[in-house]
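Below: one structure, written as structure tokens.
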Amino acid sequence: MRGRFAPSPTGRMHLGNARSALLGWLQARAAGGAFLVRVEDLDRARCRPEHVQALWDDLRWLGLDWDEPPLFQSAREEAGAYREALEQLTRAGHLYPCFCTRAEVARAASAPHGPHDDGPRYPGTCAQLSHAQAAERARTRTPALRFRVPEGTVVRFEDGVHGPVVQDVAAAVGDFVVRRNDGVASYQLAVVVDDAASRITHVLRGDDLLHSTPRQLLLYAALGHALPPAFAHVPLVLGEDGKRLAKREGAFAIAELRERGLPPERVVGLLAAWSGLGGGSPVSAASLATRFSLERLPRAPVTALQSQLETALGWS
Ligand code: GLU
């Protein structure tokens, strides 16, 4: 069993992603497996080295350790890992160049937005370009590369928290980007290439990514990985205002709680309470490992009550 935590160092770690890290770590430790950390830093404009340093400090402070040197996606990119996968997909005929800008996709899409926050369904504008037309366009614009999703492509999988999931990827998402027009691998491609290379068997992450998994399963199949990982998508923690804690990062940064001298057990106790693993009293991460089970995780979004934050964190 091999699990992982794959944060993007675009901001400080907050209670929401600390909970994902804790649960992934508990899942691995409860099974006697390995736990890995991968830094998803392909978006160079938004990632900061100081957030990477804080990440190590935060994880150690929470009592979470990892078993192998962390992978950095920026280093994987320099090593050509994503280029190789893109070449493999190109050879197999899965990709085509797309010259559309975001604005063009938004204008051409019939619905203003798909069901998710990653943009409208791609209407297929560039799907039928001839070689000659593509070559002509490429003289003035660098294309993105899209993965072709034939009509009727329905993906099913069993999620460890949500149960059976079905998505008609062609209808919900359409052909999706695997290389952005700045030449960088997309999240969907990089995450699959890296989880496969790291032989990850269990992916536990926030359920804001639930709708991405069918695309990732298509990539696993196209890249010839017969055994994709088991997925468990954990319902997010919301504030009393219904907004994701992630969106209020500053107020709930782990680094800030750490620097205030709060005992980490208080924070872990709170994260455990939001995960069906306790009543909120202080507890160490290690002592939770025997209690962990996916069955205990809540199936619906969790609300972080102001009173809980006040009691556990002295937050007001
Ligand atoms: N890097 C992604 C994020 O921070 C998570 C990727 C994943 O767990 O698959 O949201």
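A short reminder: the numbers here are calculations on the coordinates, not readings from a lab. Please read these numbers as outputs of a predicted model, since none were measured by experiment. For neighbour counting, all protein chains shown are included, and Cβ atoms are generated from backbone atoms with ideal geometry for every residue, glycine included.
Laid out as a table, the results:
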item: The chain: angle of helix 15-30 to the longest principal axis, Cα-based, in degrees nearest 10; result: 80 degrees
item: Charge dipole (debye, nearest 20) of the chain; +1 at Cβ of Lys and Arg, -1 at Cβ of Asp and Glu; result: 360 debye
item: Residues whose placed amide H lies under 5 Å from that of Val178, excluding near-sequence neighbours; result: Leu145, Arg146, Phe147
item: Cβ-based charge dipole, the chain, positive-most Cα from Leu62, Thr142, Pro282; result: Thr142
item: Amide H contacts of Arg4 (H built 1.01 Å from N, under 5 Å, at least 5 apart or other chain); result: Leu36, Leu204
item: The range 80-234: equivalent-ellipsoid semi-axes (sqrt of 5 x gyration tensor eigenvalues, Cα, Å); result: 26, 19, 13
item: Listed residues Gly239, Gly269, Gly80, most fluctuating in the chain (Gaussian network, C-alpha, under 10 Å); result: Gly80
item: Dipole of the range 189-316, positive end: most advanced residue of Pro301, Ile200, Leu189 [Cβ charges, Cα centre]; result: Ile200
item: Spatial separation of Cα centroids for the range 150-188 and the range 49-90, in angstrom; result: 23 Å
item: The chain - Cys residues lacking any other Cys C-beta under 4.7 Å; result: Cys47, Cys100
item: For the range 88-93, Karplus couplings with θ = phi - 60° (6.51, -1.76, 1.60), whole Hz, Gly/Pro x; result: 4, 5, 5, 4, 7, x
item: Amide H partners (placed H, <5 Å) of Phe72, local residues excluded; result: Val39
item: Two-site FRET efficiency, Val166 against Ser281, from Cβ-Cβ distance with R₀ of 41 Å, rounded to 0.05; result: 0.55
item: Using alpha-carbon coordinates, inclination of helix 187-197 to the longest axis of the chain, degrees; result: 70 degrees
item: Check: the range 80-234 dipole with +1 on Lys, Arg Cβ and -1 on Asp, Glu Cβ, in debye; result: 540 debye
item: Coordinate range along principal axes, alpha carbons of the chain, Å, largest first; result: 65, 38, 38
item: Per-residue [θ]222 nm for the chain (sum of -39500 (n - 2.57) over DSSP H runs n ≥ 4, rounded to 500); result: -10000 deg cm²/dmol
item: Nearest-0.05 FRET efficiency for Asp241 and Arg139, computed from C-beta distance (R0 45 Å); result: 0.35
item: Compactness index (Cα Rg / 2.2 N^0.38 Å), the range 169-257; result: 1.31
item: Global geometry of the range 1-94, whether rounded, prolate or oblate, following the gyration tensor of its Cα atoms and the 1.5 cut on a/c; result: oblate
